[in-house]
Amino acid sequence: MSTPQMLSVRNLSIEFGGVHAVDDVSFDVQPGEVFAIIGPNGAGKSTIFNLISRFYEPTAGSIFYGEHDLLELPAHRIVRMGIGRTFQNIELFEQATVLQNLLVGRHRHMRSNPFREFLFLPGVKKDELVHRRKVEDVIDLLEIARYRDQRISDLPYGARKNVELARALCAEPTLLLLDEPASGLNTEETDDVSFWLEDIKHDLGVTIVMVEHDMNLVARVADRVLAINNGKVIAIGTPDEIRDNVEVQHAYLGAAA
Amino acid sequence: MQYLFKTRYEDDVRFLAKSGEKIRVGLVVLFMLAAPLMLQDYYLAELGLLLVYAIAGIGLMILTGFTGQVSFGHAAFLGIGAYSHSILMARAVPFSLSILITILIAGLVGMIIGRSASKMHGFYLAIATLAFAILIETVFGEWKSLTGGHAGLAVPALKVFGVTLAKVWQQYYVDLVMAGIVIWGASNLFRAPTGRAFIAVRDSELSARSLGVNVEWVKIQAFGVSAAITALAGALLAHQLTFLAPDVFGVLESLKLLLMIVVGGLGSILGAVFGAIFVSVLPVAISFLKDVLPPSIGQKAGLEPLLFGTIIVLFIVFEPLGIYGRWLKLRFFFETFPYYRKASFVRQKSYLKTERMR
Ligand SMILES: Nc1ncnc2c1ncn2[C@@H]1O[C@H](COP(=O)(O)OP(=O)(O)OP(=O)(O)O)[C@@H](O)[C@H]1O
Ligand SMILES: [Mg+2]
């Protein structure tokens, strides 16, 4: 109990027309760890992310980030607290280039003023160059230089996944929420993701919460795992503990049957 | 193939990056500057009108093509610009001050509309903007003490810094300078945070929010900027019309603006300019066609709207990217000659969104 909590979710609940998508969920994320959330389809994993992002209003419970009460903030203020995210179904700006997407990722750190920008006053250019340089660091890290000037709509799936991760990193988050970072990727691409997650954790010092179905990946990168089913917590522990947990096995078998 | 070798980050920030672009733009600017020497007054006036519509098109393009907020009532802002500027000029307010006040008024009205519109989507937004335009048109008709009502309002002569500019070529240069500023400024906006936030809201409000973009405020801004630019076009248009009546700024004019940007190509500044060329040239082409066609067809009422409509449908079906999309292909063809392959522009449909949040 003495370790500082980074993200603290308490008794969180939300209903959609009588469906308890998230039901009395509590968990803590500690700084520097990779925290995985697993569970069968429809368990409520993405909904937890959407609650933290403030896209949904919970029916009960609290979410604290350090000492900040996230429920007091509108959705667009969450990233300014240092919480970045990706989406399960990839939400990129389709008709914009990779570079433009990544620069929107910098929005949190930008000043915007239409008058200055209309006239492109010298300060605007100076700022642009600073952000451009930051973006280039991320481009190098995730090896997406060759897509830099391409439109998202022309990119293959795997590249989009990387660009979305890159865009989230451009915000320089302290906490990163990744919704199924490896879904739809082949084994080679999944390996890349696991290496990047290690880099992001160790080199950038970012804390990661990820939803993932690939248990191999979870076992490789996660420090702790939260298993949920039907919106309820069924277990929390190390990857090995979760793998051996009878209730977790039941949840997956039950969902398969 | 022309590769764009970038050696500095500045290359990404520059206004016209490609050397080919510079040459093309240079040639166009040269032609526009020399136009009064080459064209008769009638055609020069038409060219001036084209520039004004290009400005209006850019105004609407920023809102609809870049921010994804459709407006079926943008003629209202054109009208607000025309009336406000004419009324101010009639009260001896100097040209530049009058333009400035007009832009501010329209920008403010735009932001108020944007505030209510920021909660609406698609169909409702279309209806709301349409209703707004009808309301404004009614106000022009009823507020007789200010607008002259349906009897109309004479537009004071164009006078800049105390010099009356009555000649066609003088007015043309005013339009040219304004169009230049607007094209340059609007392009600037889209290589900076504000414009990128507009695009972000257009393509995914959800992830825009998650990256810190205040979506409601962006929509308010987009309405404001769009209204201000369209009103500037309205002010210049007033000088061309020389006489204002409410029905000039009716629903048909709004539709014309919308058709302009669709045909020109949504989501590009150049598209708005192409659209303006299109709507300027089409009536000329149609009247020419009328003379050539047998009278039984050529003299039929409704030929004009029919052709307008047909062309628009053809564009939406065969060239959704508009004239601008055509232009990109043409340019690509010459730059890569003889290696051009049709497949270069066939979209990779490697991935489909299956399910979206919301
Ligand atoms: N906006 C919404 N409106 C209504 N129901 C919703 C909404 N969002 C989620 N749900 C429901 O909440 C439950 C949990 O959904 P959620 O997307 O969180 O599942 P998940 O664990 O992410 O599943 P998956 O592995 O398939 O992504 C589901 O029953 C879903 O139908
Ligand atoms: Mg999910």
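The values are calculated or read from the model by the stated rules, or taken from the named source; none is laboratory data. Please read these numbers as outputs of a predicted model, since none were measured by experiment. Backbone-built Cβ (ideal geometry, glycine too); neighbour counts: all protein chains shown. Just the protein is used for accessible areas: all its heavy atoms, side chains included, with ligands, DNA and RNA removed. Shrake-Rupley method; radii C 1.70, N 1.55, O 1.52, S 1.80 Å.
Once the stretch A:58-99 is narrowed to residues that are within 16 Å of ligand 2 (Cβ to nearest atom), in contact (Cβ under 8 Å) with a residue 60 or more places away in the chain and not acidic (Asp, Glu), the residue that is nearest to A:Met6 (Cα to Cα) is A:Arg85. Once the stretch A:58-92 is narrowed to residues that are within 14 Å of chain B (Cβ to nearest Cβ) and within 16 Å of ligand 1 (Cβ to nearest atom), the residue that is most open to solvent (accessible area, probe 1.4 Å) is A:Gln88. Contact map, the stretch A:33-51: residues that are closer than 21 Å to A:Leu204 by Cβ and within 11 Å of another protein chain (Cβ to nearest Cβ) paired with residues that are near ligand 2 (Cβ under 8 Å from one of its atoms) and assigned to a strand (DSSP E or B), Cβ distance under 6 Å, separation 6+ or inter-chain. Pairs shown: A:Phe49/A:Asp179. If you go through the stretch B:206-215 one residue at a time, do you hit one that is touching a residue at least 40 places away in the same chain (Cβ under 8 Å) and in contact with a helix residue (DSSP H, G or I) (Cβ under 8 Å, 6 or more places away or on another chain)? Within the stretch B:206-215 (the criterion being touching a residue at least 40 places away in the same chain (Cβ under 8 Å) and in contact with a helix residue (DSSP H, G or I) (Cβ under 8 Å, 6 or more places away or on another chain)), the answer is yes, since at least one residue qualifies. Reported count of residues in the stretch A:225-245, each being open to solvent by 90 Å² or more (accessible area, probe 1.4 Å) and either more than 25 Å from A:Phe16 (Cα to Cα) or among the polar types (S, T, N, Q) (or both), is 5. Against the criterion of being aliphatic (A, V, I, L, M) and within 16 Å of ligand 1 (Cβ to nearest atom), A:Val218 qualifies. Being touching a strand residue (DSSP E or B) at 6+ places or on another chain (Cβ under 8 Å) and either crowded, with 19+ Cβ neighbours inside 10 Å or of a type in the set (Ser, Thr, Tyr) (or both) holds for only one residue in A:Val193, A:Val218, A:Val138, and it is A:Val218.
Among the criteria (1) more than 16 Å from ligand 2 (Cβ to nearest atom); (2) in contact with a strand residue (DSSP E or B) (Cβ under 8 Å, 6 or more places away or on another chain), the one A:Arg106 does not fulfil is (2).
Of A:Leu178, A:Leu204, A:Leu169, all but one fail to be in contact with a Ser or Thr (Cβ under 8 Å, 6 or more places away or on another chain) and aliphatic (A, V, I, L, M); the exception is A:Leu178. Within the stretch A:27-57, which residues are polar (S, T, N, Q) and either within 16 Å of ligand 2 (Cβ to nearest atom) or over 22 Å from A:Val79 (Cα atoms) (or both)? Those that are polar (S, T, N, Q) and either within 16 Å of ligand 2 (Cβ to nearest atom) or over 22 Å from A:Val79 (Cα atoms) (or both): A:Asn41, A:Ser46, A:Thr47, A:Asn50, A:Ser53.
Close Cβ contacts (under 6 Å, 6 or more residues apart or on different chains) running from residues in the stretch B:95-121 that are farther than 19 Å from B:His85 by Cα to residues that are among the basic types (Lys, Arg) and part of a helix (DSSP H, G or I) comprise B:Gly114/B:Lys219; B:Ser118/B:Lys219.
B:Tyr43 meets each of the listed conditions (1) surrounded by fewer than 17 Cβ atoms within 10 Å (Cβ to Cβ); (2) modelled with pLDDT of 90 or more; (3) not acidic (Asp, Glu) apart from (2). Screening the stretch A:32-50 for residues that are in a loop (DSSP other than H, G, I, E, B) and under 19 Å from A:Gly66 (Cα atoms) and picking the one that is farthest from ligand 1 (Cβ to nearest atom) gives A:Gly32. When residues in the stretch B:179-204 are screened for being crowded, with 20+ Cβ neighbours inside 10 Å and part of a helix (DSSP H, G or I), 16 of them pass. Applying the criterion of being among the β-branched types (Val, Ile, Thr) and more than 9 Å from chain B (Cβ to nearest Cβ) to the residues of the stretch A:136-168, the residue that is nearest to the chain's Cα centre (by Cα) is A:Val163.
As a summary of the residue check, A:Ser2 satisfies the conditions (1) surrounded by 21 or more Cβ atoms within 10 Å (Cβ to Cβ); (2) modelled with pLDDT under 95 except for the one numbered (1).
Listed here are the residues, each with its yes/no results for (1) in a helix (DSSP H, G or I); (2) farther than 18 Å from B:Ala75 by Cα; (3) among the β-branched types (Val, Ile, Thr); (4) open to solvent by less than 60 Å² (accessible area, probe 1.4 Å).
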position	(1), (2), (3), (4)
B:Ile99	yes, no, yes, yes
B:Ile103	yes, no, yes, yes
B:Leu130	yes, no, no, yes
B:Ile134	yes, no, yes, no
B:Phe140	yes, no, no, yes
B:Ser145	yes, yes, no, no
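Quick grid of which residues meet (1) within 15 Å of ligand 2 (Cβ to nearest atom); (2) at pLDDT 90 or above; (3) away from chain B (no Cβ under 14 Å):
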position: A:Phe195; (1), (2), (3): no, yes, yes
position: A:Ile200; (1), (2), (3): no, yes, yes
position: A:Leu217; (1), (2), (3): no, yes, yes
position: A:Val225; (1), (2), (3): no, yes, yes
position: A:Ile228; (1), (2), (3): yes, yes, yes
position: A:Lys232; (1), (2), (3): no, yes, yes
position: A:Ile236; (1), (2), (3): no, yes, yes
position: A:Gln249; (1), (2), (3): no, no, yes
position: A:Ala255; (1), (2), (3): yes, no, yes
